[in-house]
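The values are calculated or read from the model by the stated rules, or taken from the named source; none is laboratory data. From a predicted model like this one, the values you see are computed outputs, not experimental measurements. Surface accessibility is based on the protein's heavy atoms, side chains included, excluding ligands, DNA and RNA. Shrake-Rupley method; radii C 1.70, N 1.55, O 1.52, S 1.80 Å.
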Amino acid sequence: EYFDVQANVFAVPTGTIYSFGDEDSILSKETHLLQTPAPSFDFAKVIEIKKIADAVFQGRLAIKDGTEQITKVLKEEPQYDGLWQILAFMLVSSGIGFLYHLGWPDMLASIVLGFCAGVLSRWNALGSAYNIITGF
């Protein structure tokens, strides 16, 4: 709760849900969804931006300086790119398969599908269709 505004945030790698307002007030709550394209998401940048935002909220950094630092962070190249992202898709899909106690043939299929999803995530020509294609 900053600036006397109650806010709730729920974040996942491809989107963030923000809810503003007080439940006890007669004013209605507002909820917003911010969707980020999966190929451009970078947790390292999110962490850096959160540190900058915290410094601004706590008064340790001026708003102008914070804005400049955030702009600089957003222009940086991703920390992990290409092959690491594809490997992460494969690891996550195999991890989910492990949680469901899949057999080896199904586990291998999930790794292959994770590889396909990772390759598709690197293909920028898909645009917003990426979320629909990899959802299947």
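Residues Ile17, Ile63 ordered from highest to lowest accessible area at a 1.4 Å probe: Ile63, Ile17.
Computed extension length for Ala7-Gln58: 16.7 nm, one decimal, from 0.36 nm per residue of separation with the Cα-Cα distance subtracted. Taking Lys72 as the anchor, which lysines have their alpha carbon closer than 22 Å to its alpha carbon, excluding any fewer than eight residues away along the same chain? Leaving aside lysines fewer than 8 places away in the same chain, those within reach of Lys72 are Lys45, Lys50, Lys51, Lys64. Each residue of the stretch 109-114 was assigned a 3J(HN,Hα) from its phi angle through the Karplus expression (A = 6.51, B = -1.76, C = 1.60, θ = phi - 60°), giving 4, 5, 5, 5, 5, x Hz with x at Gly and Pro.
Solvent-accessible surface (1.4 Å probe) assigned to Ser110 amounts to roughly 20 Å².
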